[in-house]
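Structure, as structure tokens:
The values are calculated or read from the model by the stated rules, or taken from the named source; none is laboratory data. This is a predicted model, so every value here is computed, not measured. Positions of Cβ are backbone-derived with ideal geometry, glycine not excepted, and every protein chain shown enters the neighbour counts.
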Amino acid sequence: MRVLLVYPEFPDTFWSFKHALKFIRKKAGAPPLGLLTVAAMLPSDWEPRLVDLNVQSLSDEDLAWAEIVFVSAMIIQRDSARAAIERCKQAGLPVVAGGPLFAGEYERFPEVDHFVLNEAEITLPRFLTDLAAGHAQHVYATGEFPDIRQTPVPRWRLADLRHYDTVSIQFSRGCPFNCDFCNITALLGHKPRTKTAVQIIRELDSLYAVGWRGNIFFVDDNFIGNKQTLRSEVLPALIRWRVGKAGMPFSTEVSVNLADDAELLGLMVEAGFNTVFVGIETPNEASLSECGKIQNRNRDLVESVKRLQRAGLQVQGGFIVGFDSDTPAIFQQQVDFIQMSGIVTAMVGLLQAPYGTRLYERMKQEDRLTGEMTGDNVDGSTNIIPRMGLEPLREGYRWLLDQIYSPQYYYARVKTFLREYKAPAVSLHMEPQYVLAFFRSVYQLGMRGSERAHYWALLFWTIFRRPKLFPLAVTMAISGFHFRQVVELHVQ
């Protein structure tokens with residue numbers, strides 16, 4: 001069976017980094033881990049071909065070659081997924097769909113022949129068995145959670161890794177916390193399930209074998225959800241694996257309570273982690289209580305962030321405005337917190353209610369749902385009626401983003417971070433495009449951009465104050481250019 005694995009295009013958003021990736025001549029952030037993993041679960045006599053619409057087009061030749069199409073997508077890829085499915089159906093191909101987008105709204109895609117929902121380790125084998133027998137059902141779903149210790153190594157060779165800045169792998173699924181706006185526990189469970197250290201090393205070895213030396217992102221929703229396994233097995237294995245290897249720095253998502261565990265923090269840095277995304281959400285204690293973000297309450301959040309930075313981790317932060325407990329003062333409070341903490345990459349979005357969350361059910365009961373969410377955290381949209389009022393919320397939100405991503409505020413925040421940051425001792429794998437990216441930044445930001453004065457001030461400040469961090473300063477200047485493009489184009 002010739003199967004076409006189609007991954008829809010991401011729109012130009014905060015996390016696409018499209019404007020920044022141009023500096024290093026990359027086309028997309030990361031290849032689709034889900035589809036590459038599904039490919040490894042297919043029968044050995046099937047012939048898979050990946051078409052990632054973020055790096056290539058779906059050609060007539062691809063459609064003529066295929067006998068069946070698999071599509072996987074997240075909510076933010078909804079429009080591109082619809083277009084891809086329509087194209088495949090016009091070509092007369094059966095379409096199988098799965099992933100977070102379809103888990104919550106598969107009824108809205110009547111043209112799809114089969115849905116393989118939830119976690120593929122359970123539902124995909126059932127579909128494949130029925131397909132072989134000639135009586136495949138329309139929907140395959142489960143409330144069970146599989147043992148991911150049986151999950152195979154993704155088929156990396158299906159993707160042309162030259163087009164990507166990062167490759168994703170996964171250690172765990174599920175989260176021990178239960179924030180009411182997050183659908184992770186509904187989709188993946190409350191108890192984190194983990195792979196073994198042997199599995200993780202096998203995946204890294206396979207990436208190393210195909211020549212990958214770039215960034216590795218552990219896509220876990222909370223990498224430290226199972227601290228015991230991390231501390232005793234996985235991190236020591238990663239530390240041993242890294243000996244003698246250059247490149248492949250790690251990043252992941254964690255809860256802020258990592259700052260309370262100095263031993264675990266030190267092991268992560270020693271293992272090669274240099275960046276973590278943390279859901280800060282809000283400095284408003286009442287709003288943290290409202291959404292059940294217990295791990296962030298009753299602590300000095302700024303100091304927690306700085307503790308992570310001083311240990312050797314860049315902290316990227318997620319922030320939300322529009323909680324019922326928020327007043328118009330929240331916008332200035334968010335700006336102040338972001339600037340003081342030195343969180344350079346600060347993703348701020350309006351509160352949205354994903355299907356399957358406690359927030360969704362509460363909004364439904366209060367008749368405050370307004371339709372489907374876009375999945376874009378920074379497009380200024382929401383699918384709930386906010387207590388503050390929609391227009392005051394949007395107006396404050398636009399002001400907030402204009403502030404934190406103006407050159408004055410952004411470059412000041414970079415300096416705040418660089419003063420605190422202790423760079424980990426990970427051997428770099430320097431590729432020519434990264435050197436060229438510096439010269440492109442000189443031309444784009446230092447000669448043409450509105451931030452010229454701020455750009456040069458940062459570079460000279462870094463050369464004299466933190467010279468070892470000069471490449472990082474350049475990278476952050478380039479990232480700031482991307483963020484400003486997104487704000488200017490989509491949030492006005």
Test R213 against the stated conditions and say whether it is modelled with pLDDT of 95 or more and surrounded by fewer than 19 Cβ atoms within 10 Å (Cβ to Cβ).
no
Could you list, ordered by first residue, the pairs with Cβ atoms under 6 Å in which the first is in the range 297-323 and surrounded by fewer than 21 Cβ atoms within 10 Å (Cβ to Cβ) and the second is at pLDDT below 95 and part of a loop (DSSP other than H, G, I, E, B), at least 6 apart or interchain?
R310/K422; G312/K422; G312/P424
Test: residue in the range 120-133 that is closer than 22 Å to P48 by Cβ, out of contact with any His (no Cβ under 7 Å at 6 or more places or on another chain), touching a residue at least 24 places away in the same chain (Cβ under 8 Å) and not in a helix (DSSP H, G or I):
no
Qualifying positions in the range 2-35 - among the small types (G, A, S) and part of a strand (DSSP E or B)
A28
Among the residues of the range 239-250, is any in contact with a helix residue (DSSP H, G or I) (Cβ under 6 Å, 6 or more places away or on another chain), of a type in the set (A, V, I, L, M) and either buried (at least 19 other Cβ atoms within 10 Å of the Cβ) or farther than 30 Å from G211 by Cβ (or both)?
no
Keeping to the range 42-74, report how many residues are within 18 Å of I85 (Cβ to Cβ) and among the charged types (D, E, K, R).
5
Of the numbered conditions (1) touching a strand residue (DSSP E or B) at 6+ places or on another chain (Cβ under 9 Å); (2) of a type in the set (A, V, I, L, M, F, W, C); (3) not in a loop (DSSP other than H, G, I, E, B), F181 fails exactly one; give the number of that condition.
(3)
Determine whether the range 353-364 contains at least one residue that is out of contact with any Cys (no Cβ under 9 Å at 6 or more places or on another chain) and closer than 28 Å to E488 by Cα.
yes
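Mind telling me which of the residues L158, L131 ends up being within 30 Å of Y434 (Cα to Cα) and at pLDDT 95 or above? Explain how you work it out, then say what you get.
Numbers: L131 fails: within 30 Å of Y434 (Cα to Cα).
From the options L158, L131, the qualifying one is L158.
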Just to be sure, is Q77 among the polar types (S, T, N, Q) and surrounded by fewer than 19 Cβ atoms within 10 Å (Cβ to Cβ)?
no
Qualifying residues in the range 169-198 (those that are modelled with pLDDT of 95 or more and surrounded by fewer than 21 Cβ atoms within 10 Å (Cβ to Cβ)) - the one farthest from R240 (Cα to Cα):
R193
How about the range 366-382: which of its residues are at pLDDT 85 or above, in contact with a strand residue (DSSP E or B) (Cβ under 6 Å, 6 or more places away or on another chain) and closer than 28 Å to Y405 by Cα?
T382
Can Y140 be described as crowded, with 19+ Cβ neighbours inside 10 Å, among the aromatic types (F, W, Y) and touching a Lys or Arg at 6+ places or on another chain (Cβ under 9 Å)?
yes
